[in-house]
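Since the structure comes first, as structure tokens, the remarks are kept for the end.
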Amino acid sequence: MTNPPGVADDARKRHLLDLTPFRESPDFRRLWWSGAISGLGSAFALVALPWQIKELTGSPLAVGAIGVAELVPTIVFALYGGMLADTVDRRRMALGCELMLGVLSALLLGNSLLDRPMLWPLYVVAACVAALQGLQQPSMEAALPRLVPPDQLTAAIALSSMRMTGAILIGPVAAGFVVAGAGVPVSYGIDVVSFAISALVLAGIRPLPPIGDIEKASLRGIGAGCRYALRRRELLGSYCTDMAATLLAFPIALYPFLADELHARWALGLLYSATGIGGLLASLTSGWASRVHRHGRMVLLGSGVLGACMIGVGFADQLWLVLVLLVIGGMGHFVGDLFRSTLWNQTVPDHLRGRLAGIELLIGASGPQLGDIRAGWAGARFGVRPSIWSGGVICVVIVAAIATTSPALWRYDARTPAS
């Protein structure tokens with residue numbers, strides 16, 4: 001016996017991506033479209049910049065130095081940007097940074113049009129972009145709970161995650177064709193245009209001034225945010241879980257070597273994109289997430305699944321199995337991220353939300369970079385496969401230890417949130 005059409009439609013809606021925030025909140029739509037446009041545009045610069053450095057120097061070390069140029073500004077300005085997000089209008093902060101990012105992209109375009117493009121401005125611009133993103137991202141993240149009602153927050157985060165994953169999957173592919181076919185200046189030009197459009201969309205969001213007493217930006221204020229995060233045991237447990245996942249179960253630096261061992265160099269792009277595809281699939285079927293209240297357990301489960309999949313990747317000999325495990329691991333990582341962000345957004349007071357967003361950004365940015373260092377060292381010392389599966393094992397062990405030693409995270413229930 002088949003279900004009536006109406007019942008089947010309702011069941012499908014409960015499991016597919018919930019579009020309610022997109023339909024009901026014009027400001028959320030503007031924030032979403034602004035991020036989608038600038039994210040896709042930025043992909044063109046992210047691909048063009050290392051390509052241009054390679055063309056100018058022919059040195060892998062020179063290309064790798066981009067990460068060095070970006071690391072310190074990210075660390076410093078993520079924390080300061082979080083403090084500013086709690087003391088100034090978040091819309092104005094995000095819009096100002098968006099305009100400045102467009103100016104920096106225009107500088108890259110101008111340099112690329114010179115008869116002999118200069119190398120040093122590329123590193124300076126990369127460092128400035130990292131600084132501005134550190135200033136902007138906490139305001140963007142902290143603005144979200146002000147744009148949608150609490151019962152739509154999980155769905156809004158899922159939509160935002162889908163936007164970012166889509167940009168990661170689509171942007172670099174399109175950028176690669178443009179850089180190779182039309183050249184570096186065209187890629188930078190696309191980025192400039194994307195920032196101009198994104199800023200116009202972002203300007204339509206209503207003002208988001210601080211609520212209550214306005215605190216001056218200071219080191220003391222940053223310290224207050226850090227102390228709050230340490231005092232909230234469920235937040236601390238979620239941060240440690242995320243760090244374990246990104247540090248130990250994202251061996252991206254080893255994918256070229258893994259492709260060689262699988263005798264499938266042609267599949268390197270698939271290895272890079274499989275985790276993102278998993279995240280996209282999970283976001284498209286995330287309608288159920290708004291009905292889950294044990295967010296802490298889902299954070300742990302998601303990271304545990306990712307770690308377990310990396311154990312399988314470390315031992316799998318067939319390409320199709322490696323790709324399937326990476327996709328499932330990406331789905332687990334999305335689930336962990338979704339519920340960690342929901343836990344954070346639902347419980348952090350608005351006057352501290354920017355600073356906690358800065359801490360989130362710091363962890364999110366440093367974890368994968370440190371993970372590449374770990375994976376590269378272990379791969380050189382013990383081999384590619386042991387580096388991958390041992391990282392997965394340690395990740396699972398740490399997640400299990402956090403579940404055991406952090407009852408605040410394990411018992412967290414959104415229906416009775418901590419204060």
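Nothing in this text is a laboratory measurement; each read-out follows from the coordinates by a stated rule. Source: prediction; values computed, not measured. Don't worry about glycine lacking a Cβ; one is built from the backbone with ideal geometry, like all the others, and counts go over all protein chains shown.
Annotations
- Relative contact order, whole percent, for region 158-305 stands at 39, derived from Cα pairs under 8 Å and 6 or more residues apart.
- Theoretical FRET efficiency, 1/(1+(r/R0)^6), r = Cβ-Cβ of Arg411 and Val68, R0 45 Å, to 0.05: 0.60
- Extension gain for the segment Arg220 to Ala203, taken as residue separation times 0.36 nm less the Cα-Cα distance, is 3.0 nm to one decimal.
- Fully extended contour minus Cα-Cα distance, from Asp115 to Ile75, at 0.36 nm per residue: 10.9 nm
- Distance-filtered residues of region 250-288 - backbone nitrogen under 18 Å, label point 7 angstrom along Trp320 Cα→Cβ: 262-268, 270-271, 274
- Val173 paired with Tyr228, simple spin-label distance in nm, labels 7 Å along Cα-to-beta-carbon: 4.1
- Dipole-positive endmost among Gly371, Leu119, Pro256 within the chain (Cβ charges, Cα centre): Gly371
- Rounded to whole Hz, the Karplus (6.51, -1.76, 1.60) HN-Hα couplings of region 183-199, x for glycine and proline: x, 4, x, 5, 4, 5, x, 4, 4, 4, 4, 5, 5, 5, 5, 4, 5
- Spacing of the two label points (7 Å from each Cα toward its C-beta) at Leu268 and Ile252, in nm: 1.5
- Efficiency of FRET from Cβ geometry, Leu284 and Glu261, R₀ 30 Å, rounded to 0.05: 0.40
- Cα centre as origin, Lys/Arg/Asp/Glu Cβ charges: the chain dipole, Debye: 800
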